[in-house]
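Any read-out appearing in this document is the output of simple, stated calculations on the displayed coordinates, not a laboratory observation. Just so it is clear, the model here is predicted, and its values are computed rather than measured. For neighbour counting, all protein chains shown are included, and Cβ atoms are generated from backbone atoms with ideal geometry for every residue, glycine included.
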Amino acid sequence: MPATLESASEVSPSALGVITNIEGQALTHDDRELLRSPAVSGLILFSRNFSSIEQLQSLSADVKTMRPDLPLFVDQEGGRVQRFREGFTRLPAMLSLETLWLEQPQLAVDAAQKLGWLMAWELGCCGVDVSFAPVLDIERGVSRVIGDRGFATDAARVSLLTRAFVAGMADAGMKAVGKHFPGHGAIEADSHLEFPVDSRSLAQLDYDMRPFRYLIQHGVMAGVMPAHVLYPALDNRHTAGFSSRWMQMLRQSLGFNGVIFSDDLSMAGAAHYGDYAVRTELAAQAGCQALVTCNDRDGAWAVIHTVERLQSQNFSSLSLLDWCRDQPDSFRQQQAQAEQIRTALVDAGLIAADPCHFIMKEHV
């Protein structure tokens, strides 16, 4: 039976698609072949795909000409995780907001909203639709991979600061993806490189879930990305992203009804379970809908072929069309607003006064 296309505004829990990457700064023949697969629902970009604002505008335009239904994703969190730097505002590590909060709480909340807007606006000018943000993990001075990517060391502050950040993103037309459910901040191991196990009790994990619950209850989070971490308190066999128990917790107990994105299926925390076909099946059966697969073209094809097979059985095709934003030129009229926001963030000590900061370029 052929796959059916779910409405972009009403994504079925059984909808399934792939978010994958390209190799360089322009589409190659192999990239185009990859993007022709209807199983591909989105494209994620990395630093290697970027050299300048003009080049990024050209690349995004080429992708959208070929696949106008395909949103472009990136990790543009700020601090050490900012894929596009040259010509863009150098965003601070989000933990700097907590430092500001301890002195001036309302200023910190206002700054979080401005940072979310500025990040989303600059990406929109270049045709990039979504940053996988915000990080909702609570920083505890333990994790090698979270650290200053977290917004705060306290669940309440993470909740309030990220809600403001997400509001800024939304004002610029960008959807938010909270990560890494149910919380990656309390373990040292990096799931990119290792197989992490968080042995805390469910009651302790519930504290980490508070920011997720808060944003979900306020209806501001369109996507969630679970962690490639094993939490034996609920499931002693599968990491959160491969666990139907954790996905039921997210859907039923927290009430989330948006899109669930797997974390990268090439990571060590996922590779522990077998080859790409096995990882794909586990993620799909658990309840992940958008399967992220990066930096391994053979692996990406294996995931795509597995998704195509699953779509021919009991899964439908995932459309993320409503994750796509306006064309870059529509952001031009907001240049003055961007300048005002940058000035406020400079005054708050969060970004540098850079005379070469981002200026909206006209793509020809």
### Task
Name the residues whose placed amide hydrogens come within less than 5 Å of the amide hydrogen of Ser319, ignoring near sequence neighbours (fewer than 5 apart) on the same chain.
Glu6
### Query
When all C-alpha to C-alpha distances in the stretch 1-121 are sorted into bins of 5 Å, what percent of pairs does each bin hold, rounded to whole numbers?
2, 9, 16, 17, 14, 13, 12, 9, 5, 2, 1, 0, 0
### Query
Amide H to amide H, which residues 5 or more places from Phe181 or on other chains are under 5 Å from it, using H placed in the peptide plane?
Met225, Ala227
### Summary
Other residues with Cβ under 14 Å from the Cβ of Gln25 give, with Lys and Arg +1 and Asp and Glu -1, a net charge of -3
### Message
Straight-line reach from Lys114: which aspartates and glutamates fall under 14 Å, measuring Cα to Cα and dropping same-chain residues less than 8 apart?
### Response
Glu77, Glu122, Asp171, Glu339, Asp347
### Query
Two-decimal Rg/Rh of the chain from alpha-carbon positions, Kirkwood Rh?
0.95
### Query
Mean separation of Cα pairs under 8 Å and 6+ residues apart, divided by the residue count of the stretch 138-183: what relative contact order is that in percent?
26 percent
### Task
Return the loop-located chymotrypsin sites (Phe, Trp or Tyr not before Pro) in the stretch 14-116 (DSSP other than H, G, I, E, B) with at most 15 other Cβ atoms within 10 Å of their own Cβ; answer none if there are none.
Phe46
### Alpha carbon convex hull of the stretch 76-172, projected area averaged over orientations, nm²
5.8 nm²
### Task
For the chain, calculate the relative contact order in percent as a whole number, restricting contacts to Cα pairs under 8 Å that are 6 or more residues apart.
23 percent
### Query
How many angstrom lie between the C-alpha centres of the stretch 274-313 and the stretch 48-126?
28 Å
### Query
Hey, what do the phi angles of the stretch 42-51 turn into as Karplus ³J(HN,Hα) couplings, whole Hz, using 6.51/-1.76/1.60 and θ = phi - 60°, x for Gly and Pro?
x, 10, 10, 9, 10, 4, 5, 8, 10, 10
### Task
Could you please rank Val145, Val177, placing first whichever residue has the fewest other Cβ atoms within 10 Å of its Cβ?
Val145, Val177
### Summary
The exposure ranking of Lys179, Lys64, fewest beta-carbon neighbours within 10 Å first, is Lys64, Lys179
## Note on the structure
Sequence order, the stretch 107-121: Karplus ³J(HN,Hα) from phi using 6.51 cos²θ - 1.76 cosθ + 1.60, θ = phi - 60°, Hz rounded, Gly and Pro as x, gives 5, 5, 4, 4, 5, 4, 4, 5, 5, x, 5, 4, 4, 5, 5
## Note on the structure
HN-Hα couplings for the stretch 236-253 via Karplus (6.51, -1.76, 1.60; θ = phi - 60°), in whole Hz with x for Gly/Pro, come out as 8, 10, 10, 4, 4, x, 10, 10, 5, 5, 5, 5, 5, 4, 5, 6, 8, 6
### Task
Take every DSSP beta bridge whose two residues both sit in the chain, then give the antiparallel share in percent to the nearest 5.
10 percent
### Query
Of Tyr276, Tyr207, how do they rank once you tally other Cβ atoms within 10 Å and put the fewest first?
Tyr207, Tyr276
